[in-house]
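Heads up, the thing below is written out as structure tokens.
The values are calculated or read from the model by the stated rules, or taken from the named source; none is laboratory data. All values reported here derive from a predicted model rather than from experimental measurement. Ideal geometry is used to build each Cβ from the backbone, glycine not excepted, and the neighbour counts take in all protein chains shown.
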Amino acid sequence: MPLLEVRDLKTYFFTLAGVVKAVDGVSFTLDHGEVLGLAGESGSGKSTIAYSIMNLVPPPGKIVSGSIILDGVDVAKLSESELRSKIRWRKVSMVFQGAMNALTPVYTIGYQIAEPLIQHLGMTKREAMERAAELLEMVGLHRSMLNRYPHELSGGQKQRVVIAMALALEPPLVIADEPTTALDVVVQAQILNLLKKLKREKNMSIILISHDLSVIAELADKVGIMYAGKLVEIGTAEQIFNNPQHPYTRLLLKSIPRLRGPVDKLEYIPGTPPDLRRPPPGCRFYPRCPMRMDVCNEEEPPIIEVEKGHYVACWLHAKR
């Protein structure tokens, strides 16, 4: 039984300008100890999937339909009190995008890590602070950081603190939303090595959200490519990087310089993503696709298994 099973998830934002279909019919599974990387352009729905799994979609957003089965429980059907007491930080935690701004400036680092331990596990303040010190050491920081305030830490140190907070209750699933954004390459490598270590030692499942395909290639076992609220391709990291089948995935990979293998001319994807209030009929990548056919503008492509565990939504692979 997978740790997480997302089935036909639809999360929409009901704005005055119209209904934004941010996530529109996404399905995938995640096994214990597995890392899923989600990639795609800004606005493709990656972070909205993360907030939906936490059932923390900000208003005017709402999970319209679908199910999110986490460790046998449908998160989408739980009340707020049940989510707080049974799911968030116990079953799933999140390293939010812009983690450097996620810490409260008026509280010490120690207090911010210890608070959920006191609230959820009933620890005394002394016990919680000792556990907070252990968590800091786990992510490579000295326990003296407990008495510091966020403004006294560097960007990389703040990122590590937020990861320590996410690990406080040892959830089986951690969602890392752009965990290396705005960090220099040395600190990026440290954060990625830390996530690898946690996966190996804790058998922790991770959903890694990033624009940077090289970051995903470094850590992910499975990769999903998002475009305009749809999951257009998903498979193992080897399948996606070595044998991409969707034209969008191929163009994404061709836009990145390669250190090994033949040197190909870099390409870019012309145009812009569609307005998700009025997405185009059929395949949403149709207006920008160099391999488009008439059927692409008429019918939405089905999900096709092109090889074991490798799925793609494209009419190039579908039998009509």
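Worth a mention:
- Criterion applied to ILE113, ILE53, ILE109 was being out of contact with any Ser or Thr (no Cβ under 6 Å at 6 or more places or on another chain), of a type outside the set (D, E, K, R), more than 30 Å from GLU152 (Cβ to Cβ) and touching a residue at least 24 places away in the same chain (Cβ under 8 Å), and the one residue passing it is ILE53.
- Any hit, the range 245-257, residues being among the small types (Gly, Ala, Ser) and either crowded, with 21+ Cβ neighbours inside 10 Å or in contact with a strand residue (DSSP E or B) (Cβ under 6 Å, 6 or more places away or on another chain) (or both): no
- Test for VAL187: is it out of contact with any Pro (no Cβ under 8 Å at 6 or more places or on another chain), among the β-branched types (Val, Ile, Thr) and under 25 Å from ILE206 (Cα atoms): yes
- Of all residues in the range 292-301, those being of a type outside the set (D, E, K, R), in a loop (DSSP other than H, G, I, E, B) and closer than 15 Å to VAL312 by Cα number 1.
- Candidates GLU134, GLU82 - the one that is more than 22 Å from the chain's Cα centre (by Cα), among the charged types (D, E, K, R) and within 27 Å of LEU30 (Cα to Cα): GLU82
- Summed over the range 128-156, the residues that are hydroxyl-bearing (Ser, Thr, Tyr) and in a helix (DSSP H, G or I) give a count of 1.
- When MET226, MET204 are checked against the criterion of being closer than 30 Å to GLU130 by Cβ and under 16 Å from the mean Cα position of the chain (by Cα), a single residue qualifies: MET204.
- Residues in the range 127-166 that are farther than 27 Å from LYS91 by Cβ and among the basic types (Lys, Arg): ARG143, ARG148.
- Counting only residues that are crowded, with 17+ Cβ neighbours inside 10 Å and either at pLDDT 95 or above or under 14 Å from the mean Cα position of the chain (by Cα) (or both), the range 58-73 holds 6 of them.
- Listed by first and then second residue, the pairs with beta-carbon distance under 9 Å, at least 6 apart or on different chains, first residue in the range 65-91 and of a type in the set (Phe, Trp, Tyr), second outside any strand (DSSP E or B), are TRP89/PRO116; TRP89/HIS120; TRP89/MET165; TRP89/ALA166; TRP89/ALA168; TRP89/LEU169; TRP89/PRO171.
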